[in-house]
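S.K.: Take this structure, written in structure tokens, and hold onto it; I'll ask about it next.
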């Protein structure tokens, strides 16, 4: 393709953001639909990128763009996509489109600023998934903090200022530590190129420095996932964020952390990852704590959004478990079954990020629609809503089943791949991880289905609540359709991830 499609896609939302700034703030309707149009255009380009990458073979970097940025500092504007990043670019475009479409009907105040921030956030997310220069990666990584900080702090709930500041402090602290780690990698390898640095194996002759830099980078990305015990910012942020903000934060922004570990930490430091996932299993314990602790806390929550926030902690724990399982094959390069299990673990981690983005975004939309009508998020106040909100009940039921990993829906495949890798390489961790699945089924069926929709209805309070409007259905339908289609036929997604994953496993396993 002669068109620099990555750059066009990357800066399409930014172009929309600049146009939004030029429109009179009194033209709020125009501002809303400018945002939606540019989000749809970006989504269409993201779909083309995925299709082109898959058609060309998603095992290597495709559509690469490489030009000088700051030559004096050896910095290059280098973009590229492979099977690991192309689906995540599409997911980011989809969730931004859904969020802006939903917001076009719900956000009434400071529409111009709101739309500008969402489009700026989309450019930052896309940049992280496309950048192959470590400093360019870091620039997009940090730029993305500002829009979500303001979206929470200005349009959030009653405790929005505290939640926004906590989010910013946590993630900025991790980002600064991560920058020091990236600079140390450059000092060791002499390059900021992600692929070249991975091939050079930074600090391979200095185990002490390798350990220090490994933990600096791992913690930076683990905060964003977030992994226990770095998760405490997430419940506050997701609870206080506006509905569309929760959709993008839970569905897309958390994936940046897992992607960073897959793209940078594991390829750079496979031996250190193996050490702290298997020999001294700190990472594996962190993953299991996220899964089990997150699910247990969900059982105790009665605030709808806070319940979903801890559910995100639990489900993103499977991402870390899949990565730990993949690293366990480091010393088993001659064992084909170990290599297959490692690829399965990495595939499961990538699939879990994608499926979590789809499922949790739909759930936050549905919960937001209910709580905005009812003016409360207290589960104890509900019951019997199925009789007055049948469409909401149906969509929530499908989404809840996807959340607990029911076969035939997208959540099943990601967990299957993670456990297929973990059972072979980390069997004890796999057994403990299953406990989290049991608790997930418990809180999903008990709280998100029974407490909301079943039981007796307080007709004096909820009889006139009203079901979903057409634009609310349109907001949720694409996500639910993807849950079902990719649950029945996940091959397009699995094949794309698997092409890149096999190359990664062959590169980092010791032979």
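What follows is calculated from the coordinates using simple rules that are stated; it is not laboratory data. Quick caveat, the model's predicted, so the values are computed rather than measured. Here Cβ is always computed from backbone atoms with ideal geometry, including for glycine, and neighbour counts include all displayed protein chains.
S.K.: Tell me, in nm to one decimal, what length is gained between residue 77 and residue 162 on full extension, where the rule is 0.36 nm per residue of separation less the Cα-Cα distance? Please list the in-between numbers first.
M.R.: On the way: separation 85, 0.36 × 85 = 30.60 nm, distance 3.63 nm.
Result: 27.0 nm gained on full extension.
S.K.: For the peptides 407-416, 313-322, 269-278, what is the packing order when you average, over each peptide's residues, the other Cβ atoms within 10 Å and list the highest mean first? It would help to have the intermediate numbers written out before the result.
M.R.: Numbers: 407-416: 21.4, 313-322: 29.4, 269-278: 23.1.
Result, highest mean first: 313-322, 269-278, 407-416.
S.K.: While we're looking at this one, here's another question. On a 0 to 90° scale, report how tilted helix 410-425 is relative to the longest principal axis of the chain, with both axes built from alpha carbons and the result rounded to the nearest 10.
M.R.: With both axes taken from Cα atoms, the answer is about 40 degrees.
S.K.: Could I ask something else about it? Order of 106, 496 from fewest to most other C-beta atoms within 10 Å?
M.R.: So the ranking, lowest neighbour count to highest, is 106, 496.
S.K.: How far apart, in nm, are the 7 Å Cα→Cβ label points at residue 302 and residue 143?
M.R.: That separation, rounded to one decimal, is 4.5 nm.
S.K.: Assign one of three labels to the stretch 300-511, namely rounded, prolate or oblate, based on the Cα gyration tensor with a ≥ b ≥ c the square roots of its eigenvalues; rounded applies when a/c is under 1.5, prolate when it is not and a/b is larger than b/c, and oblate otherwise. Walk me through the numbers on the way to the answer.
M.R.: Details: a/c = 3.32, a/b = 2.24, b/c = 1.49.
The shape class here is prolate.
S.K.: Then there is this: Using only the alpha-carbon atoms of the stretch 307-380, report the extent along each of the three principal axes, biggest first, to the nearest angstrom.
M.R.: Principal-axis extents of the Cα atoms in the stretch 307-380, largest first: 59, 18, 12 Å.
S.K.: Using the alpha-carbon atoms, what tilt in degrees (0 to 90, nearest 10) does helix 207-224 show relative to the longest principal axis of the chain?
M.R.: Between the helix axis and the principal axis of the chain, the angle is about 20 degrees.
S.K.: Please identify which residues in the stretch 387-404 have an amide N closer than 18 Å to a label point set 7 Å out from the Cα of residue 460, following the Cα→Cβ vector.
M.R.: Under 18 Å, as judged by backbone N against the label point of residue 460, lies no residue of the stretch 387-404.
S.K.: Between the stretch 42-59 and the stretch 412-463, what's the alpha-carbon centroid distance in Å?
M.R.: 33
S.K.: Consider the candidate values (i) 49, 24, 20; (ii) 30, 28, 23; (iii) 35, 27, 20; state which one is semi-axes √(5λ) of the Cα gyration tensor in Å computed from the structure displayed.
M.R.: (iii)
S.K.: If each of residue 428 and residue 110 carries a label point 7 Å out from its Cα toward its Cβ, how far apart are those two points in nm?
M.R.: Computed distance between label sites residue 428 and residue 110 equals 5.1 nm.
S.K.: Starting with the fewest neighbours, write out 191, 53 ranked by other beta-carbon atoms found within 10 Å of each beta-carbon.
M.R.: 191, 53
S.K.: For the chain, what does the relative contact order come out to in percent, with C-alpha contacts under 8 Å and a separation of six or more? Walk me through the intermediate numbers first.
M.R.: On the way: 901 pairs, mean separation 77.6, N = 511.
Answer for the chain is 15 percent.
S.K.: I'd like the FRET efficiency for residue 176 and residue 211, computed as 1/(1 + (r/R0)^6) with the beta carbon distance as r and R0 of 22 Å, rounded to 0.05. Write down the numbers at each step before the final one.
M.R.: Numbers: r = 19 Å, r/R0 = 0.87.
So, using R0 = 22 Å, E works out to roughly 0.70.
S.K.: Going by alpha carbons, how many degrees (0 to 90, nearest 10) lie between the helix axis of 86-106 and the longest principal axis of the chain?
M.R.: 20
S.K.: Any chance you could run the full-extension gain for residue 484 through residue 232? It's 0.36 nm times the residue separation minus the Cα-Cα distance, nm to one decimal.
M.R.: On the way: separation 252, 0.36 × 252 = 90.72 nm, distance 3.20 nm.
Result for the pair: 87.5 nm of gain on full extension.
S.K.: Compute the Rg to Rh ratio over the stretch 130-195 from the alpha carbon atoms, using the Kirkwood formula for Rh, and round to two decimal places. Numbers along the way, then the final one.
M.R.: Details: Rg = 14.9 Å, Rh = 13.2 Å.
Across the stretch 130-195, the Cα-based Rg/Rh ratio is 1.13.
S.K.: Quick one: length gained pulling residue 26 to residue 70 fully straight, 0.36 nm per residue minus the C-alpha distance? Mind showing how you got there, number by number?
M.R.: Details: separation 44, 0.36 × 44 = 15.84 nm, distance 4.02 nm.
Once the chain is fully extended between residue 26 and residue 70, it gains 11.8 nm.
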